[in-house]
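Engineer: Take this structure first; my questions come after.
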Amino acid sequence: MDPSVLIGIAAILIVAKLGGELFERIGQPAVLGELAGGIVAGNLALIGFNGAEFLKGNEVIAALAQLGVIVLLFEVGLESNVADMMKVGWSSLAVAAAGVVAPFFLGWAVAAYFIPNGPQLKHIFIGATLCATSVGITARVLKDTGHLARPEARIILGAAVIDDVLGLLILAVIAAAIKAAQSGASLALVDVALIAAKAISFLIGAIVIGHYVVPRVFHRAGRLQGNGVLLALAISFCFLMAWVASRVGLAPIVGAFAAGLVLDEAHFKSFRSREELRLEELIVPVSALLVPVFFVLMGLKVDLKAFAKPELLLYAGALTAAAILGKQVCALAVFERNINRPAIGIGMIPRGEVGLIMAGIGATLTLPNAAGINEPVIGTVTFGAVVIMVIVTTLITPPALKWSLARGTRVFEDRRSPELLRDLADDALERV
């Protein structure tokens, strides 16, 4: 290993923490600060400093970033629960389906318009980057405003988890199609159906294993008296599932998400009896070390010189509009009455880390262009446009959701309070 990698990793972690701290102080997610710090560091060459350039293509840092993504999706899976997903009702399922289908086709259309000579699979992959919702950002707003117990919050959070699953399934299918195209083969509709069936079967198999096998393994491991057994076993299970996913032709992050999804607090009773920390708490130091490397690296790959081109800004604006408008269709999919539908549409807007993960995967995949030369599915221009989309959707959601929830609360209370309406009418008559 080149010793300069060590100073590079140190610089990445410092940039991540400074950027995250700065953005948290202004009420924004730390992930945006990590991304912004990477963008600044990656473009220092514009003022004559080239010391950060080697970080963009270094294999060790790229490997650490990939491990960070796997740990991040494992965390997302830990925060999700199969039983809770089954309880959220048909509204969450309908909202999730609408929130995947509409942005997917809108993003596909935007990519086809701005990259008319690109392969169709490229257009489809760009559409897929708009599918998933960043549940963490919306959850934080709902918690801060004290609205977590409202039906709108349950629908939003349930739908966000489900459309993460749907987004990962779409990613698995499209990535497999791209890999087939790289080898000169083509995928028929039957092949696509087989890939989708494989992904669904993998998730179902993981859930079955989690129900029958994992509890016994963790119960036996609970007899071990050493320190850190729970964390080591959980991380090993995560990496094992990620490896199995890659062996069956799926993205490793699908396996990591499935690993987190099937692990339940009930599996760790033997560890909790020894007063060990919860797994979600144990994983925090690992996540704090590896996950920022991914987001800073994504920022490093953003070329600010490309933003000088008006067509890029127009492309990014169209992609952002597709991402926002596509999620507003979610409001039409709610079955219940007396629900703040605009709040549900707004709550599904942020893309956050999931959009960046998909864009990062797209940057590693290649397709032959019209001249037969392989080029990245997510090139420099598209990557910059996706980053703009992620930043805008993440920034506008907290204030817009707070406004919508407050407005919806007033309207709902007005509808439910005839006495208030009579008082307002009496007051108006007195003024007349």
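Engineer: What does the highest-first list of 32-44, 309-321 look like by mean Cβ count within 10 Å?
Structural biologist: The peptides rank, most packed first, as 32-44, 309-321.
Engineer: Extension gain residue 243-residue 224, at 0.36 nm per residue separation less the Cα-Cα distance, in nm? Let's see the in-between values first.
Structural biologist: Values: separation 19, 0.36 × 19 = 6.84 nm, distance 2.57 nm.
That pair, residue 243 and residue 224, stretches by 4.3 nm at full extension.
Engineer: Right, another one. Order 229-236, 162-169 from most to least packed using the mean count of other Cβ atoms within 10 Å.
Structural biologist: Highest to lowest by the protection proxy: 162-169, 229-236.
Engineer: Expected output is a single nm value to one decimal: the length gained when fully extending between residue 337 and residue 10, i.e. 0.36 nm times separation in residues minus the C-alpha distance. What is it?
Structural biologist: Length gained between residue 337 and residue 10: 112.4 nm.
Engineer: Taking the simple approach of a point 7 Å from Cα along Cα-to-Cβ for both residue 79 and residue 1, what is their distance in nm?
Structural biologist: Computed distance between label sites residue 79 and residue 1 equals 2.9 nm.
Engineer: Related question: Per the Cauchy relation, a quarter of the hull surface: what is the mean projected area of the convex hull of the alpha carbons in region 302-382, in nm²? Please report the intermediate quantities before stating the final value.
Structural biologist: Working: hull surface 29.3 nm².
With the hull built on Cα positions only, its mean projection is 7.3 nm².
Engineer: Could you give the size of the charge dipole of region 1-57 about its Cα centre, using +1 on the Cβ of each K and R and -1 on the Cβ of each D and E, expressed in debye and rounded to the nearest 20?
Structural biologist: Values: 3 positive and 5 negative charges, 13 e Å.
Value, rounded to 20: 60 debye.
Engineer: Along region 115-125, what does the Karplus equation 6.51 cos²θ - 1.76 cosθ + 1.60 (θ = phi - 60°) give for ³J(HN,Hα), rounded to whole Hz, x for Gly and Pro?
Structural biologist: 3J(HN,Hα) across region 115-125, in whole Hz: 10, x, 9, x, x, 4, 5, 5, 4, 5, 5.
Engineer: Hey, with R₀ at 56 Å, roughly what FRET efficiency would residue 21 and residue 179 work out to, going by the Cβ-Cβ distance, to 0.05?
Structural biologist: Numbers: r = 40 Å, r/R0 = 0.71.
Once rounded, the FRET efficiency stands at 0.90.
Engineer: Please list, ordered by chain and number, the residues whose modelled amide H lies under 5 Å from the amide H of residue 365; skip anything fewer than 5 residues away on the same chain.
Structural biologist: When sequence neighbours closer than 5 places are left aside, the close amide H contacts are 377, 378.
Engineer: Give me the accessible area of residue 154, 1.4 Å probe, in Å² rounded to the nearest 10.
Structural biologist: Number for this one is 140 Å².
Engineer: How many nm is it between the label spots at residue 369 and residue 208, if each spot is 7 Å from the Cα in line with the beta carbon?
Structural biologist: 4.6 nm
The values are calculated or read from the model by the stated rules, or taken from the named source; none is laboratory data. As the structure is a computational prediction, the values presented were derived from the model and not from experiment. Cβ atoms come from the backbone with ideal geometry, glycine included; neighbour counts cover every protein chain shown. Note: accessible area is taken over every heavy atom of the protein model, side chains too, but ligands, DNA and RNA are not part of it. Shrake-Rupley method; radii C 1.70, N 1.55, O 1.52, S 1.80 Å.
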